[in-house]
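Taking it in order: structure first as structure tokens, then the write-up.
The values are calculated or read from the model by the stated rules, or taken from the named source; none is laboratory data. Since this is a predicted model, take the numbers as computed values, not measurements. Using ideal geometry, Cβ is built from the backbone for each residue, glycine included, and neighbour counts are taken over all protein chains shown.
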Amino acid sequence: MPASPDERRFFGAILEELGMGEWPGGTIAAQQRLAVRLMRKADVRMLVIDELHNVLSGSRTRQCVLVSNCPSCSRDLWAHWLGSQKPRVVGHCDHCDFRLSKAIARPALRAAAGLQGRLLKLKRTGAEMPPLGWIDWSTFPAIADLGMYAIWVDTADHARETVFSRIVRDLGMKPDQRLFIEWPANYGSLVMMTCMLADWPNRLQQTLHDLQSLNIDGIL
Ligand SMILES: [Zn+2]
């Protein structure tokens, strides 16, 4: 997969792998149809896509939260059979047999999807990142890492839960939505950064206060 793909490059890379050479041009829909047709002809059984969030497309309101656990029993979905030589039909949870195609997509928080869009631009060209100002890609991960370090390292679970509850409240979500966010995953980090950047540096300072164990000097 290209390092920072969009839909066109994503399907272009598949077509190239299937021996079609460079895509001569045309709509993304036509490119997608051809890629799917050729994969069927080549008897492709599985497409493993890493870093899928890079190819999310559509309007912000259509972007969904990617999860790695079963919507029915909440257990992790592991592809532990990847090395198997036997054909495998993927469609059910191994634990509770829930049919994964029946899962209802949960829309991503609009502000978090907006931040993701700005981060993709930042990665390519640098970007204006209010309220931090103009920054390049090497700077933002350092800022995000400090925030994540403060949340996850040497902090008590109850203090962290206080932070998550406040983030959900500050972002205008219902309290129980806290339970549906995988906080250690990419989306959880995105939600946390969305909240902190919306009132920077006050919410960062409030977070450090809630965690009761660190101050800004402590994480630098
Ligand atoms: Zn399950």
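Against the condition among the aliphatic types (A, V, I, L, M), over 20 Å from LEU179 (Cα atoms) and surrounded by fewer than 15 Cβ atoms within 10 Å (Cβ to Cβ), how does LEU122 come out, does it pass?
Considered against the rule, which asks whether it is among the aliphatic types (A, V, I, L, M), over 20 Å from LEU179 (Cα atoms) and surrounded by fewer than 15 Cβ atoms within 10 Å (Cβ to Cβ), LEU122 comes out as no.
For a quick check of your reading: which helices (runs of 4 or more DSSP H) sit entirely within region 125-220 and have at least 3 residues that are aromatic (Phe, Trp, Tyr)?
Because the criterion is at least 3 residues that are aromatic (Phe, Trp, Tyr), the helices (runs of 4 or more DSSP H) in region 125-220 that meet it are 139-152.
Say whether the condition of being at pLDDT 75 or above, in contact with a strand residue (DSSP E or B) (Cβ under 9 Å, 6 or more places away or on another chain) and either over 23 Å from PHE180 (Cα atoms) or not assigned by TED's automatic domain parsing to the domain that holds ALA198 (or both) is met by at least one residue in region 30-43.
no
Identify the single condition in (1) at pLDDT 85 or above; (2) surrounded by 13 or more Cβ atoms within 10 Å (Cβ to Cβ); (3) not charged (D, E, K, R) that ASN69 does not satisfy, given that it satisfies every other one.
Only one criterion in (1) at pLDDT 85 or above; (2) surrounded by 13 or more Cβ atoms within 10 Å (Cβ to Cβ); (3) not charged (D, E, K, R) is unmet by ASN69, namely (1).
If I filter region 95-117 down to residues being modelled with pLDDT of 85 or more and crowded, with 16+ Cβ neighbours inside 10 Å, which single residue comes out as nearest to ARG45 (Cα to Cα)?
Checking each candidate, the answer is PHE98.
Of all residues in region 91-119, which are in contact with a Cys (Cβ under 7 Å, 6 or more places away or on another chain) and either in a loop (DSSP other than H, G, I, E, B) or more than 19 Å from ILE181 (Cα to Cα) (or both)?
CYS93, HIS95, CYS96, PHE98, ALA105, ARG106, ALA108, listed by residue number.
If PRO24 passes every condition in (1) assigned to a loop (DSSP other than H, G, I, E, B); (2) modelled with pLDDT of 75 or more but one, which one does it miss?
Single failed check for PRO24: (2).
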